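See structure below.
What follows is calculated from the coordinates using simple rules that are stated; it is not laboratory data. Computed from a prediction, not measured in an experiment: that's the story for all the values here. Glycine also receives a Cβ, built like all others from the backbone with ideal geometry; neighbour counts cover every protein chain displayed.
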Amino acid sequence: MNIKQFSILTNISPHTLRYYEKMGLLKQIERNTSGHRNFTQKDVVWVEFIKRLKETGMPLKQILKYADLRNIGLSTSELRMQILEKHAVLLEEKIAEEQSHLQMLRQKIQYYRTIID
């Protein structure tokens, strides 16, 4: 699929996709005889994973490190797992913090309910 189709499917702008390719997050993108990018389903899966990492707060620099290791191959599996494990711990800490904030908000809402009723 071309960049426009890929952009629509992944909900990432063509500009951002080009940027990701330039910085090395998207490597080995096939090109047709005219030189236009030809994205595959494998690229969709990879970009969805990038999006998931970004949405969970992983910085692009760290995602790039993971991508570089991924491109080297299976010999880097342990290092990639360590990156994901470290990120999972940070994410768990963030979730716990957000849960604490939510609990405080609920307490404040309950307080207002009691004084309003």
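A few notes on this one:
- The simple spin-label model puts a point 7 Å past each Cα toward its Cβ; for MET23 and PHE49 those points are separated by 1.8 nm.
- Selected from LEU90, SER77, GLN103, residue furthest toward positive end of dipole (the chain; charges at beta carbon): SER77
- Taking every full run of DSSP H in the chain, the ones that stretch at least 30 Å from end to end by Cα along their long axis and average -1.0 or higher on the Kyte-Doolittle scale are 77-116.
- Distance from region 75-111 to region 15-59 (C-alpha centre basis), Å: 26 Å
- Shape metrics for region 1-69, restricted to C-alpha atoms - Rg then Dmax, Å: 11.7, 38
- Nearest-0.05 FRET efficiency for MET81 and ARG31, computed from C-beta distance (R0 35 Å): 0.65
- If only the Cβ of Lys and Arg carry +1 and only the Cβ of Asp and Glu carry -1, the dipole of the chain around its Cα centre is close to 420 debye.
- At R0 = 22 Å, FRET efficiency that the Cβ-Cβ distance of ASP68 and HIS15 yields, to 0.05: 0.45
- Placing R0 at 30 angstrom, the Cβ-Cβ distance between MET1 and THR56 gives a FRET efficiency of 0.70 after rounding to 0.05.
- Mean projected area of the convex hull spanned by the Cα atoms of region 52-117, taken over all viewing directions: 5.4 nm².
- The chain: radius of gyration and largest Cα-Cα distance (Dmax), Å: 20.2, 72
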